[in-house]
Amino acid sequence: MLELRGITKRFGSVVANDGIDLDVPPGSLHAVLGENGAGKSTLMKILSGFLSPDAGRIRLDGREVPTGSPRAALQAGIGMLHQDPLVCLPFTALDNFVLGRRGRIDRAAARREFGELCARLDFDIDPDVRARALSVGERQQLEIVRLLSLGVKVLILDEPTSGISSEQRTKLFAALRTLAADGLIVLFVSHKLEEVEELCDRVTVIRSGKVVGERTLPCPADELVELMFGEVVVSSERPVVEIGSPALRVGGLAAGGGRQRIADVSMEVRAGEVVGLAGLEGSGQRTLLRVLAGLEPVRSGTVEIAGRRVDGSSYEHFVAAGVHYLPAGRLEEGLVPGLTIAEHLTLAARLPEWVVDWEAARIRAEEAIEHFRIKGGPDTPADALSGGNQQRLLLAMMPKDLRVLLMEHPTRGLDIESADYVWSRLLARRESGTAIVFSSADLDELVGYADRVVVFFSGRVLADLAAAELTADRLGTLIGGKVAS
Amino acid sequence: MKRALRAVPAVWSVLAALVVSVGLLALAGAPPFEALVLVLDGAVGDGGRMADTLMSWVPLTLASAGLVVTFVAGLWNIGVEGQVIAGAIGATWAARTIPGDGLVVIPAALAVGVVAGAVWALAAGVLKTRGGVNEIFGGLGLGFVAQSVATYLIIGPWKRAGIASTSGTEPFREEVWLPTVGGTRLSPVAVLLAVAVIFLVWALLRGTRFGLRLKAVGANPASARLLGVPTEATVLRAFALGGGLAGLAGAVLATGIQHKLVPAIAGGRGFLAILVVLLAAYRIVWVAPIALFFAILSVGSAQLQLRLDLDSSIGGVLQGILVLFVILIGGWQALYRRGEP
């Protein structure tokens, strides 16, 4: 039995966890559900020892678990699988497996144990392959068997399904069911309702740092959505938009190198059209987007914006031609940590003045904050915003008139409400004739928002299909490289 | 509130550094409090000493102001010492070759010093942006080159008539010395320059597009590029400005203090400036008082040697301890804020 009592954590004036109580019996598949910024990750980090709570206690099987030390939590039997698996990339799978053990390491015995655990969970990992060569899903599997070998009784998974294929997701869920059947506690943290409904038998919903409800599954989705948001969100309707002349044309494009290589890519996107790029992470979507944004050179082939060749030009030239790129790593390659909302908007406005008019910048920022419903003030630094609000700031920074809008995972890590809002703003752009090209790992997003879906497999276009003939399931099989019927 | 919190590490560090310094002085067999009083008296005890302290403050402040510009842009411009030397060489060349009176030659010497420092820093910048050489290594290497060039000029082409000595070149003719007042070594022009530079850097970082771009490139070059900041040009401009101010420091040292080129013209001020800027946490308004404090320690600790027979390097030890404590306490704070002791 895992018992959490009165867990409280403040970050400055923000109360991330406000007296959270949670009881989970052994053998449970228990979901922790909540929108972005609800406090799920903070709670899990406290449970796994990565953060110290300001107040509250944790007990496992009647024994007190010391807080604030990942090592102590692990020794007590609590292990966490992070969103980005914490494997050591240059090490082999087996080296990673024995990492964190104490005393002498018997490699032959470890190899046997690794094989047995993998066999039991139907994982297929070569112990001698370097972790760098494993996919995100396989790295997760590696982390799971490593944590099991360390004797964890509680396995925490933080948004484990972002960035893995549907086959790997099925495998992961099957493994989690096996583990729960053996008496392990599985804590599944997610903001994706469907996955929680598919996998778990009980769910705790967190909103604004508090537990707002617990339900046994299955239970009506509306009820959970209302618990998460306090109000029922209606998905935005797609407006019917006239498709215009070609805004973007790519012919026989080759670019990138190594695993990022793309070859022989040809496609056309018309004004007002939305094209989704599907494929496993690293199948070439990112390289294509970066080439189309003018950030990476073209090796061969052509890129045309509104009928004019732009391949070989500078990034500034692409920008002048009306291309805008929204990268996935918001704080890594979109926003500047430490700069405020007003400063971001000033930079993005690309004004010719040498001296900044801060009064005007403030007004501009206040307008954007109101218009895009950003939770923050003109002087709030970008890194103090939540993921959803960072994405809103990026939207606020988009130039007015665009021919081509390129996006990488536009709603990754966002809750339903934020994602819906982002898409409503993006789709509004189509009416002024902007062509949209986006990559996503979320199959429902691809099928739901794109007019056409282009499927990538190891750097090449595998299929180019109208979204109307697609379902998420069919797309899932295609992404795995299978061209069936 | 926020500002008060920021000041906390500085206060604690100064206290901790004082305690350790007093202990060290006691270990060295000196009466600690008398020693501290002597340092203060040696730096500000009379008009002449105050003038010396101010004249020590000026080049340190100029070099530190330049460093703030490069540090804000995320550039570890460790080569300031070399840029100061380059500025001194440039000013010396101007003072020796340009004919005319002080009104012509002094501004020219200062300007050539700025250009020489800027060129030296730009070399490190181009090595970084076009050669893939980290500015730390490029700057350090170029610093050694500048030092060697200065020594070569002093014992070679610019040697004093008849003798080649590392004690320096022939002193400049007196009319190209920075004018001083009141029979002291105080040059109002130099002090005004330092004050003006502080103000200019403050205004640049606070109110201009260039300042904003510097901050953006410093915090995240990839995002800055996507936002339309010309990153390479911004980096090179930061180097040029930072090096130019270091060069100005060198020019002031040559025309206002040494009145000739000596091998140790920079005297470690470039490295000291790094400590000043670290202590100021890259904030220009803090540079002036911290540089003054360092100048007091440097000038005042000469008294320790004269009066207590202690080596004057104790001043440097005190400065080093202070910086270590500031960085240590700042680091602790950051660790505890994240909740991982």
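The values are calculated or read from the model by the stated rules, or taken from the named source; none is laboratory data. Keep in mind the model is a prediction, meaning the values are calculated, not measured. Cβ atoms come from the backbone with ideal geometry, glycine included; neighbour counts cover every protein chain shown. Just the protein is used for accessible areas: all its heavy atoms, side chains included, with ligands, DNA and RNA removed. Shrake-Rupley method; radii C 1.70, N 1.55, O 1.52, S 1.80 Å.
Points to keep in mind about this one:
- Residues that are without any contact (Cβ under 8 Å) to a residue 60 or more places away in the chain and touching a helix residue (DSSP H, G or I) at 6+ places or on another chain (Cβ under 8 Å), drawn from segment B:274-289: B:Leu275, B:Leu278, B:Trp286
- Residue count for segment B:56-75, restricted to those that are within 21 Å of B:Gly267 (Cα to Cα) and open to solvent by 10 Å² or more (accessible area, probe 1.4 Å): 2
- Only one of the numbered conditions (1) more than 18 Å from A:Leu2 (Cβ to Cβ); (2) modelled with pLDDT of 80 or more; (3) in contact with a helix residue (DSSP H, G or I) (Cβ under 7 Å, 6 or more places away or on another chain) is not met by A:Lys210, and that is (3).
- Of everything listed in (1) at pLDDT below 90; (2) hydrophobic (A, V, I, L, M, F, W, C); (3) over 26 Å from the mean Cα position of the chain (by Cα), the single unmet condition for A:Val15 is (3).
- Residue ID - nearest to the other protein chains (Cβ to nearest Cβ), chosen from residues in segment A:314-361 that are free of Cβ contacts under 8 Å to residues at least 24 places away in the same chain, out of contact with any helix residue (DSSP H, G or I) (no Cβ under 9 Å at 6 or more places or on another chain) and under 29 Å from A:Leu253 (Cα atoms): A:Glu316
- Looking at A:Asp84, A:Asp95, just one residue is assigned by TED's automatic domain parsing to the domain that holds A:Arg111, of a type in the set (D, E, K, R) and at pLDDT below 90, and that residue is A:Asp84.
- With respect to the conditions (1) open to solvent by 20 Å² or more (accessible area, probe 1.4 Å); (2) more than 17 Å from A:Gly334 (Cβ to Cβ); (3) touching a helix residue (DSSP H, G or I) at 6+ places or on another chain (Cβ under 6 Å); (4) part of a helix (DSSP H, G or I), A:Lys375 falls short on a single one, namely (4).
- Residue match in segment B:302-314 (condition: under 30 Å from B:Ile106 (Cβ atoms) and open to solvent by 10 Å² or more (accessible area, probe 1.4 Å)): yes
- Unmet requirement for B:Glu174, which otherwise passes all of (1) open to solvent by 70 Å² or more (accessible area, probe 1.4 Å); (2) within 14 Å of another protein chain (Cβ to nearest Cβ): (2)
- Picking from residues in segment A:384-424 that are polar (S, T, N, Q) and open to solvent by 20 Å² or more (accessible area, probe 1.4 Å), the one that is farthest from the chain's Cα centre (by Cα) is A:Ser424.
- Candidate set from segment A:131-170 (those that are outside any loop (DSSP other than H, G, I, E, B) and of a type in the set (D, E, K, R)); member that is surrounded by the fewest Cβ atoms within 10 Å (Cβ to Cβ): A:Arg132
- Filtered residues of segment A:197-208 (kept if within 21 Å of the chain's Cα centre (by Cα) and either polar (S, T, N, Q) or in a loop (DSSP other than H, G, I, E, B) (or both)): A:Cys200, A:Ser208
- Wholly within segment A:70-123, helices (runs of 4 or more DSSP H) carrying at least 3 residues that are of a type in the set (Asp, Glu): none
- Positions within segment B:200-234 being closer than 15 Å to B:Leu75 by Cβ, among the aliphatic types (A, V, I, L, M) and in contact with a Gly (Cβ under 6 Å, 6 or more places away or on another chain), in sequence order: B:Leu205, B:Ala219
- Scanning segment B:177-229 for residues that are part of a helix (DSSP H, G or I), open to solvent by 10 Å² or more (accessible area, probe 1.4 Å) and more than 14 Å from chain A (Cβ to nearest Cβ) gives B:Pro188, B:Val189, B:Val191, B:Leu192, B:Leu193, B:Val195, B:Ala196, B:Val197, B:Ile198, B:Phe199.
- None of B:Phe239, B:Phe271 is surrounded by fewer than 18 Cβ atoms within 10 Å (Cβ to Cβ), in a helix (DSSP H, G or I) and in contact with a helix residue (DSSP H, G or I) (Cβ under 8 Å, 6 or more places away or on another chain) except B:Phe271.
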